[in-house]
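The values are calculated or read from the model by the stated rules, or taken from the named source; none is laboratory data. Treat the numbers as computed from the prediction; the structure is a model and nothing was measured. Don't worry about glycine lacking a Cβ; one is built from the backbone with ideal geometry, like all the others, and counts go over all protein chains shown. In case anyone asks, the SASA skips ligands and DNA or RNA and just uses the protein heavy atoms, side chains included. Shrake-Rupley method; radii C 1.70, N 1.55, O 1.52, S 1.80 Å.
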Amino acid sequence: MENIKAGILGTGFYVPDKILTNADIEKMVDTSDEWITTRTGIKERHIIDDKQTTSDLAVFASQNALKNAKVDVSEVDCIIFATITPDMPFPSTACILQDKIGAKTVCAFDVNAACCGFIYALTMAKSFVENDTFKKVLVVAADALSRITDWTDRTTCVLFGDGAGAVVVGRAIDNKRVILGSYLGADGSAWDLLNMPAGGAQSPATHKTIDERLHFLKMNGNSVFKLAVRAMTNAAETVLAKCNLKNKDVDLVIPHQANLRIINALAQRLNAPLEKVWINVTKYGNVSGASVPIAMAEADASGKLEDGQIVLLDAFGAGLTWASAIIRW
Ligand code: UT7
């Protein structure tokens, strides 16, 4: 069988215009810019317009990625959409996106792996391309976390933002931007540390679930923090070993942007100087699965990535899930 290598053909992202600063949040709950900045590194986040939904964010990110890849939407033969804030429980937001961008009637489905969703989806896209199931896969991660954020809960509402990132995956051109490998894992025994309790089959919507504010995201931040650092370090080391690479070979780390302290701890454990770590949590907050592709699109657009450089993607999220991948630019 032909030895096909899957690569990133183009990147794109989109964040909504409206910005919510720490000063704005100070007026909503008992918090301070000082607390948010020192504990998380976040200064502001982008919030979706009332008239928009998750698929709308994805439309802009997808169109930017297709343009960047010089791929016409008619060439897309699979859409994988990573989200935990779908437009509605079903049908998949991938199907809604397919309609909105005018793609052909191709395979389209959602992936729910929270902040790891993009790397999970990217891994599937790699397999689909390399086993020749599909030629051009649109991988998009988008979330409107503001829609499931409890704006009266200071322990979570300061953390999240809305946005979308996308890539087009296809046969690598000139052996560039090749997805060398990935590592995915999950520990379901810790599902209760981060979730939205109601609205599913276990607790359908009732007046009581609404009164008890169970349709909002709940998190035990402190426990998640410790597990995040450990799991992201392990995920990075595992994928590097799988690809026969060492820490020192990495030119750019693109971590999930949950908290600057998590990113700093990860960088320290990987012996990566901070100038080799892409950080945008300051301006976007935690955008769930969209964090990694937004950062990748920003890094791509910055022109700092050179051919042959090794890029490490690394994420951690609800589930609990973890995921890492290596791209040779
Ligand atoms: O996307 C992947 C999943 N998410 C994450 O990876 C997030 C992981 N967790 C975190 O980022 C951090 O745990 C947080 C930023 C959420 C919290 O930071 P922390 O250093 O773990 O703080 P803490 O939860 O231990 O709370 C410390 C104190 C508490 O007060 P007492 O009990 O010490 O009096 C909280 O009540 O800070 C208080 N606090 C706040 N104070 C002002 C919690 N939230 C706030 C707030 N403003 N917004």
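Quick one: which residue in VAL239, VAL281, VAL287 is at pLDDT 95 or above, under 20 Å from VAL111 (Cβ atoms) and within 16 Å of the ligand (Cβ to nearest atom)?
Numbers: VAL239 fails: within 16 Å of the ligand (Cβ to nearest atom); VAL281 fails: under 20 Å from VAL111 (Cβ atoms).
When all the criteria are applied, what remains is VAL287.
Can you list residue pairs whose Cβ atoms sit under 7 Å apart, with the first residue in the stretch 283-308 being more than 18 Å from ALA166 (Cβ to Cβ) and the second being away from the ligand (no atom under 15 Å from the Cβ) and of a type in the set (Phe, Trp, Tyr)? Count only pairs 6 or more apart in sequence or on different chains.
Pairs that qualify, where the first residue is more than 18 Å from ALA166 (Cβ to Cβ) and the partner is away from the ligand (no atom under 15 Å from the Cβ) and of a type in the set (Phe, Trp, Tyr), are GLU306/TRP329; ASP307/TRP329; GLY308/TRP329.
If the requirement is being modelled with pLDDT of 95 or more and either small (Gly, Ala, Ser) or more than 16 Å from GLN257 (Cβ to Cβ) (or both), which of these qualifies: LEU312, LEU320? Lay out the reasoning, then the answer.
Values: LEU312 fails: either small (Gly, Ala, Ser) or more than 16 Å from GLN257 (Cβ to Cβ) (or both).
The unique qualifying residue is LEU320.
What's the number of the condition VAL140 fails, among (1) part of a helix (DSSP H, G or I); (2) crowded, with 17+ Cβ neighbours inside 10 Å; (3) more than 13 Å from the ligand (Cβ to nearest atom)?
Exception for VAL140: condition (1).
Given the conditions (1) within 16 Å of the ligand (Cβ to nearest atom); (2) more than 24 Å from ASN280 (Cβ to Cβ); (3) open to solvent by less than 10 Å² (accessible area, probe 1.4 Å), report the number of the one that THR152 does not fulfil.
(3)
Here are some residues: ALA23, ALA94. Which one is surrounded by 15 or more Cβ atoms within 10 Å (Cβ to Cβ) and part of a helix (DSSP H, G or I)? So that I can check it myself, show each step before the final result.
Numbers: ALA23 fails: surrounded by 15 or more Cβ atoms within 10 Å (Cβ to Cβ).
Going through ALA23, ALA94 in turn, the sole match is ALA94.
Hey, can you tell me all the residues within the stretch 73-84 that are buried (at least 22 other Cβ atoms within 10 Å of the Cβ) and part of a loop (DSSP other than H, G, I, E, B)?
First, pick out the residues of the stretch 73-84 that are buried (at least 22 other Cβ atoms within 10 Å of the Cβ): 76, 78-84.
VAL76, THR83, ILE84 - these are the residues of the stretch 73-84 that are buried (at least 22 other Cβ atoms within 10 Å of the Cβ) and part of a loop (DSSP other than H, G, I, E, B).
Answer yes if at least one residue in the stretch 31-47 is within 16 Å of the ligand (Cβ to nearest atom), within 19 Å of the chain's Cα centre (by Cα) and under 28 Å from GLN98 (Cα atoms), and no otherwise. Before you say what the answer is, go through the steps one by one.
The initial filter retains those residues of the stretch 31-47 that are within 16 Å of the ligand (Cβ to nearest atom), namely 31-45.
So of that shortlist, the ones also within 19 Å of the chain's Cα centre (by Cα) come out as 40-42, 44-45.
When the remaining residues are screened for being under 28 Å from GLN98 (Cα atoms), the result is 45.
Yes - at least one qualifying residue is present in the stretch 31-47.
How many residues does the stretch 186-204 contain that are assigned to a strand (DSSP E or B) and within 13 Å of the ligand (Cβ to nearest atom)?
Residues that pass the stated criteria total 2.
For residues that are part of a loop (DSSP other than H, G, I, E, B) and touching an Asp or Glu at 6+ places or on another chain (Cβ under 9 Å), tally how many sit in the stretch 104-132. Quick ask: steps written out before the conclusion?
To start, the set of residues in the stretch 104-132 that are part of a loop (DSSP other than H, G, I, E, B) comprises 104-106, 112-113, 131-132.
Still in the running and touching an Asp or Glu at 6+ places or on another chain (Cβ under 9 Å): 104, 106, 132.
Residues meeting the conditions: 3.
Among (1) at pLDDT 95 or above; (2) away from the ligand (no atom under 16 Å from the Cβ); (3) not in a strand (DSSP E or B), there is one condition LYS304 misses while meeting the rest; what is its number?
Condition (1) is where LYS304 drops out.
Hey, can you tell me all the residues within the stretch 97-107 that are surrounded by fewer than 21 Cβ atoms within 10 Å (Cβ to Cβ) and in contact (Cβ under 8 Å) with a residue 24 or more places away in the chain? Before you say what the answer is, go through the steps one by one.
So in the stretch 97-107, the residues surrounded by fewer than 21 Cβ atoms within 10 Å (Cβ to Cβ) come out as 99-102, 104-107.
Residues satisfying the conditions are LYS100, ILE101, GLY102, LYS104, VAL106, CYS107.
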